[in-house]
Amino acid sequence: MEPIVFVLNNAGYLFERLLDKDPAIACNPPPHEHVAPQRRLLLRAALASTIPGAWLPAALAQPGERFPSRPIKLIVAFAPGTGSDALARIVATAMAPLLGQPLIVDNRAGAGGATGTEQGARAPADGYTLTLATTSTLLTHPALNPKARYRAERDFVPVAGLSRTAFVLVVADTPEAPRSLAELNERLARMGGSFGSPGVGTIGHLAAEYFLSRSGRRAVHVPYRGSGAALTDVAGGQLLFGCDTVVAALPLIRAARLRALFVTAQERLDTLSSVPTAAEAGMPQLALSAWWGLAAPAATSPAIVALLSDAVMKALASPEVRSQLASQQLEPMPLPSDAFGALIHSELPFWTEFVRQSGIRLEF
């Protein structure tokens, strides 16, 4: 193993030790008259994050406690059996052997995902409570609901990105329904129409509203309690179109009950290879996706976040996990903490401004 070198002060004091020869260094750096106590603490944290199973300093765990020393709770702000729940269980199962402790999925559904997400934000910042973060719970819900008591960048620290999926705009697979984006736009301009969504303020609702805003068309919104009922009525011709995730719509597309007009991915999807992207259909600005990740309370130690992020990266690299995600029509999104944070930071202004312009509001 190569030596790990840390510069500890401006005078150029170097601390160098081969960790494989003396792992105890993680807890007992050698004393030095120029090394302040605060810097010793930082050194311990940095070294602990480089050694699997290293003992964490007292600031990060109880004296003599190794992280994780007990099960980790993973809050999912949606009901059991949903796509978010399935993803959380796949990742939790894969991370458990890497961390040496189980991850227990705790479903806390309610208020469109706000209930569980707020509980995750208020949990102790000790690494033992994680939250499944989504585009809707972390970005759009606080913008939609002025009473929401959490904010993405104030109350959470990003741990890692997990997965993403594109949206698909669908109509009934019947001779009377539009066969292309151009035909749908012409129909909307000539006689209007209606569209269904999984509910007011859901990511499917916002995706459809964004399509309408960019195409300069209007349609009547009919909210449902979930994707299944909304897409079923689109397939039955009661609604002109719907916009939802590929995960939700694919079964009815494969059953030839829904016709996909375009997907919002930047490239065609393997599962829908005959369906054009929005750019190919004539609307390049509709490159949208819904994503999932893990987040922890804002004050969680960087060393713990790094350890958890590393476990996620290893889990997502597993062929078994990738196969399980593919079965759910999900694309792996292995983003470490910094990259996941950058994604949140880049998308937050977009969704906040779009919600403001749309005038859509939620109050729970």
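We did not get these values from a lab; they are worked out from the coordinates using the rules stated. Everything numeric here is computed off the predicted structure, so don't read it as measured data. Please note: Cβ atoms are built from the backbone with ideal geometry, for glycine as well, and neighbour counts cover all protein chains shown.
Annotations
- Cβ-based exposure ranking for Tyr224, Tyr128, in which fewest neighbours within 10 Å come first: Tyr128, Tyr224
- Estimated inter-spin distance, His345 and Val220, nm [label 7 Å along Cα→Cβ]: 4.6 nm
- Per-residue ³J(HN,Hα) for the range 276-289, Karplus 6.51 cos²θ - 1.76 cosθ + 1.60, θ = phi - 60°, Hz, x for Gly and Pro: x, 6, 4, 5, 5, 7, x, 10, x, 6, 9, 8, 10, 8
- Modelled label positions at Ser69 and Arg322, each set 7 Å beyond Cα in the direction of Cβ, lie 3.8 nm from each other.
- Anisotropy class of the range 189-239 from Cα gyration tensor, a/c 1.5 cut: oblate
- Sequence of Ser358, Ser323, Ser273 once ranked by neighbouring C-beta atoms within 10 Å, starting from the fewest: Ser273, Ser323, Ser358
- Remark on Val157: its backbone amide H falls under 5 Å from those of Ala296, Ala298, a criterion applied only to residues 5 or more positions apart or on other chains, H modelled at 1.01 Å from N.
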